[in-house]
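Structure record follows, encoded as structure tokens.
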Amino acid sequence: MSDVVRIPPNKLTNYLKDTAIGILKEKYESMISPEIGYVIMIIDAYANSTGKLIAGDGATYHKVSFRALTYFPVLQEIVEGEIVANQTARSLKIGSRIRSRVTAVSLGKGASMGKIGITCRQPFLGATEWIEQEIKKAKQPQPPVAAKEKKGGGNR
């Protein structure tokens, strides 16, 4: 990605790259964009050392290219993560690891957080302990199915 970063005069004594990364973090991290999804973190940046000055503003403006870690949720995608809110169904707790399927995506605009709908109510989804139990159950040999007997008593 690329942008122009305003470096205020009080930050001109720091390394340009570190200052630019700090400003980019404030601007982009936790942002949601319909084009790129959720911006999780700024990874690295290159700031052009030649900046521009604007009359009456003591800051310098620098072109910056940077890399960001983003997540764009896709419908029906299987994701793994950690619970960050209390749940009551089958004793999920904050910090529980789960596997779920994305069922709805609504990326907000601007400061809106947007929403991602997920489900754990399908086979091999939910808390990792539940999935392990389902796998063990699936690996167990199944008893043979008995043929149904005819009702009605005999030949006529």
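The values are calculated or read from the model by the stated rules, or taken from the named source; none is laboratory data. This is a predicted model, so every value here is computed, not measured. Note that we place each Cβ from the backbone using ideal geometry, even for glycine, and neighbour counts take in every protein chain shown. Accessible surface areas use protein heavy atoms only, side chains included; no ligands, DNA or RNA. Shrake-Rupley method; radii C 1.70, N 1.55, O 1.52, S 1.80 Å.
Report yes if Thr70 is among the β-branched types (Val, Ile, Thr), touching a strand residue (DSSP E or B) at 6+ places or on another chain (Cβ under 6 Å) and either assigned to a loop (DSSP other than H, G, I, E, B) or modelled with pLDDT under 95 (or both), otherwise no. Against the criterion (among the β-branched types (Val, Ile, Thr), touching a strand residue (DSSP E or B) at 6+ places or on another chain (Cβ under 6 Å) and either assigned to a loop (DSSP other than H, G, I, E, B) or modelled with pLDDT under 95 (or both)), Thr70 qualifies. Within segment 130-156, restricting attention to residues that are of a type in the set (D, E, K, R) and in a loop (DSSP other than H, G, I, E, B), the residue that is modelled with the lowest pLDDT is Arg156.
In segment 19-35, the qualifying residues are those that are outside any helix (DSSP H, G or I) and aliphatic (A, V, I, L, M), and the one that is most open to solvent (accessible area, probe 1.4 Å) is Met31. Screening segment 36-57 for residues that are outside any strand (DSSP E or B) and open to solvent by 40 Å² or more (accessible area, probe 1.4 Å) and picking the one that is modelled with the lowest pLDDT gives Ile36.
For segment 1-18, taking the residues that are open to solvent by less than 50 Å² (accessible area, probe 1.4 Å) and assigned to a strand (DSSP E or B), the one that is farthest from Met41 (Cα to Cα) is identified as Ile7.
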